[in-house]
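The structure appears below as structure tokens.
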Amino acid sequence: MPRPQPVAGEVAVSAALVLIALVSLWQTSVIPVSPIYARVAPTLFPWIASSGLLVIALILLGQALFRGFGVEENLAVDWRATGWVAAGLAANAALIGTFGFPFAAVALFVCVARGFGSAAPLRDTAIGIALALGSYLGFEKLLGVNIGAGILEGIL
Amino acid sequence: MDTLAALAGGFATALTPTHLLFAFVGCLLGTAVGVLPGIGPALTVALLLPITFQVPATSAFILFAGVYYGAMYGGSTTSILLNTPGESATIITALEGHRMARAGRAGPALATAAIGSFVAGTIGTVALTFFAPMVVELALKLGPAEYFSLMVIAFVAVSAVLGASALRGLACLFLGLILGIVGVDLQTGQPRFTFGMIELLDGIEVTIVAVGLFAVAETLHLATRHRHGKDELLPLQGSLWLSREDWARSWKPWLRGALIGFPFGAVPAGGAELPTFLSYYIERKLSRHPEEFGRGAIEGVAGPEAANNASAAGVLMPMLTLGLPTSVTAAIMLSAFQSYGIQPGPLLFQTQGELVWGLIASLYVGNVMLLVLNLPLVGLWVKILKIPAPQLYGGILVFATIGAYGVSNSVIDLLVMYAVGVVGLFMKRYDFPVAPAIIGMILGPLAEQSFRQALTISQGDTTTFITRPISAAFLAIALLLGLGPRLWAAWAAARPARA
């Protein structure tokens, strides 16, 4: 059954893929050609991958416009929940370089929990602090992953 | 006999206290992430990648293998009690298992899943033990041209065969290939796709992409549909002991599942979903109670669960003998090998015998540990399932942050992870598969390398891929895999019209 109305999101996703393919083709064309002898130029695989994506993306675009992907109808976006998660991610990126991982992690944790319907920000803050410190010590001391304590450096 | 001696040596490695501990921690972690919806073994291994800088390769891989096997066990618990398959390979388990739990038979469902996983996992590991050396013999005869053609099979299989739409799968494969190109070309030293940014010269970290696609995208996706639907956790009811009738109805599906699962995992066209579907179908055909299917038939849990564990063992075969990952977790394990500077492939069995056989032996050990962890201790995992969603997803994103930021303490890495997460959100929303992107990204550079080596050997003659018989056969298989199902569908559609 052909659908009369193309789904906006499907068209947008296909168009975005076409765009990525074009950017990728442009980047391939600016790869400096090596003066060093090589049997296969460093541009061959990028050409294949980029033009492959372009062809597939164009077919997908056609499919989205005329037939639809045939996936089930998507549910309406819950902007409140999504907004909280996005806010948490933004706060995380803003705080981690300045105040350090522990603060960023607590902010992220509280916002995401709020987004998923938690109504107890104080309790979440407490859990967040425990989680941040616990995982900081675990990764930093056990795995040797340096995530930086920020302004708490020297205290932890 | 050589194999048995090597295996004995492997047990000597695996049974040291340190390695037992690594195996145990891996199994514990693996079961936990398998149980928790939203995180899986691929994400966990990606988060644990930094451990490769800390401990010897053997220990790290024993840990990873424990996570990998453990998640297969844990996933079934979630499917049965929550009807939310933790892993794609346990979708079928949810069909019958959840019905059994609704009927108050959660206990037997969990028991047949755990014992079936053990039986099939062990059979799969035995098969791996004895077939892997044979595959190595064959693999030593393959040149770069054959390797390239093998990778083409893997690419076609993950993108065009598995999954709902070949087009969307291929789009993701090419996206992954493009991601894999970013950075300095190793052969000529030219920067590619770096947009002039120094940060991109080293390429994009696998960890960042994997964590972005799995943790960030998954959380965003669930947030967008938060207000719709809640899952209901069913109580653990019914004895964990299987009745005589349950045993009688379970053991044949276990064995059949193992026989179906291993080969599917082992051929480069792997994937654990297909054998579970096949096993379910066969059990329904063979059952003396076909009317129970769809209403909680124990065979429908026993067979597919066995199949998915056997295929998990199977996936390790091309991974270890050929360096060819066919699942996302295996692909990330391959990048762990690379971070040790080890190239998996036939030579691995000669140069890293202790590592390979220690790993294989630890799979036997892990299976025993997992049986104990999952059967008597199933109550513990049910408690983990009760972690409320707000705190669970908050925690997942905190760990994701550590994974991305810990690579080089760069906020840019974090933002790249977010960007990948947003792309992943759209992929989920419009049903684009994730696996081709990850496998393309990790396997793409290896394919390019083989391609170049092949052309260097043939002195630029591109027909080398079709004039060398084995390579030509591989390419023919890839072609068949890609076109076969479509031709079949077209033929099936045309037939009633003709009749």
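The values are calculated or read from the model by the stated rules, or taken from the named source; none is laboratory data. Quick caveat, the model's predicted, so the values are computed rather than measured. Glycine also receives a Cβ, built like all others from the backbone with ideal geometry; neighbour counts cover every protein chain displayed.
Just checking, how many residues over segment B:437-471 are of a type in the set (S, T, N, Q) and part of a helix (DSSP H, G or I)? Going through segment B:437-471 one residue at a time, the tally reaches 7. Looking for whichever is surrounded by fewer than 22 Cβ atoms within 10 Å (Cβ to Cβ), within 16 Å of B:Lys428 (Cβ to Cβ) and facing another protein chain (nearest Cβ under 8 Å) here; the options are B:Thr219, B:Thr224. Which one fits? Matching residue, one of B:Thr219, B:Thr224: B:Thr224.
For beta carbons closer than 7 Å, sequence separation of 6+ or different chains, a first residue in segment B:431-444 that is over 22 Å from B:Pro144 (Cα atoms) and a second that is among the basic types (Lys, Arg) and modelled with pLDDT of 85 or more, the qualifying pairs are B:Asp431/B:Arg168; B:Phe432/B:Arg168; B:Pro433/B:Arg168.
Here is a yes/no grid of residues against (1) touching an Asp or Glu at 6+ places or on another chain (Cβ under 8 Å); (2) at pLDDT below 85:
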site	(1), (2)
B:Leu7	no, no
B:Thr18	no, no
B:Leu48	no, no
B:Ser59	no, no
B:Ala71	yes, no
B:Leu82	yes, yes
B:Arg99	no, no
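With A:Leu65, A:Leu122 as the choices, which residue is closer than 27 Å to B:Pro390 by Cβ and either touching a residue at least 12 places away in the same chain (Cβ under 8 Å) or in a helix (DSSP H, G or I) (or both)? Sole residue among the options that is closer than 27 Å to B:Pro390 by Cβ and either touching a residue at least 12 places away in the same chain (Cβ under 8 Å) or in a helix (DSSP H, G or I) (or both): A:Leu122. For beta carbons closer than 7 Å, sequence separation of 6+ or different chains, a first residue in segment A:78-107 that is under 16 Å from B:Arg227 (Cα atoms) and a second that is assigned to a helix (DSSP H, G or I) and hydroxyl-bearing (Ser, Thr, Tyr), the qualifying pairs are A:Asp78/B:Thr224; A:Thr82/B:Thr224; A:Val85/B:Thr219. Only a single item in (1) of a type in the set (S, T, N, Q); (2) facing chain B (nearest Cβ under 8 Å); (3) under 30 Å from B:Gln187 (Cα atoms) is not met by A:Ser29, and it is number (2). When each of A:Ala93, A:Ala86 is tested for being within 9 Å of chain B (Cβ to nearest Cβ), out of contact with any strand residue (DSSP E or B) (no Cβ under 6 Å at 6 or more places or on another chain) and farther than 30 Å from A:Val11 by Cα, the lone residue that passes is A:Ala93. Every condition in (1) within 18 Å of B:Leu259 (Cβ to Cβ); (2) free of Cβ contacts under 8 Å to residues at least 60 places away in the same chain is met by B:Ala94 except one, and the failing one is (1). Could you say whether any residue in segment B:398-405 is out of contact with any strand residue (DSSP E or B) (no Cβ under 8 Å at 6 or more places or on another chain), at pLDDT 90 or above, under 25 Å from A:Ala49 (Cα atoms) and facing chain A (nearest Cβ under 8 Å)? Checked segment B:398-405: no residue is out of contact with any strand residue (DSSP E or B) (no Cβ under 8 Å at 6 or more places or on another chain), at pLDDT 90 or above, under 25 Å from A:Ala49 (Cα atoms) and facing chain A (nearest Cβ under 8 Å).
Of the candidates A:Ile96, A:Ile129, the single residue that is crowded, with 19+ Cβ neighbours inside 10 Å and farther than 27 Å from B:Arg429 by Cβ is A:Ile96. When B:Ala266, B:Ala258, B:Ala302, B:Ala272 are checked against the criterion of being surrounded by 24 or more Cβ atoms within 10 Å (Cβ to Cβ), over 22 Å from B:Gly26 (Cα atoms) and modelled with pLDDT under 90, B:Ala266 stands alone in meeting it. Here is a list of conditions, (1) at pLDDT 90 or above; (2) more than 20 Å from the chain's Cα centre (by Cα); (3) more than 9 Å from chain A (Cβ to nearest Cβ), and B:Gly203 meets all of them except one; can you say which number that is? (1) is the only condition that B:Gly203 fails.
Within segment B:243-298, the only residue that satisfies the criterion of being among the β-branched types (Val, Ile, Thr) and without any contact (Cβ under 8 Å) to a residue 40 or more places away in the chain is B:Ile282. Being closer than 30 Å to B:Ala472 by Cα and within 17 Å of the chain's Cα centre (by Cα) holds for only one residue in B:Leu128, B:Leu138, B:Leu142, B:Leu63, and it is B:Leu128. Total residues in segment B:171-188 satisfying the condition of being surrounded by fewer than 24 Cβ atoms within 10 Å (Cβ to Cβ) and either β-branched (Val, Ile, Thr) or within 8 Å of another protein chain (Cβ to nearest Cβ) (or both): the figure is 5.
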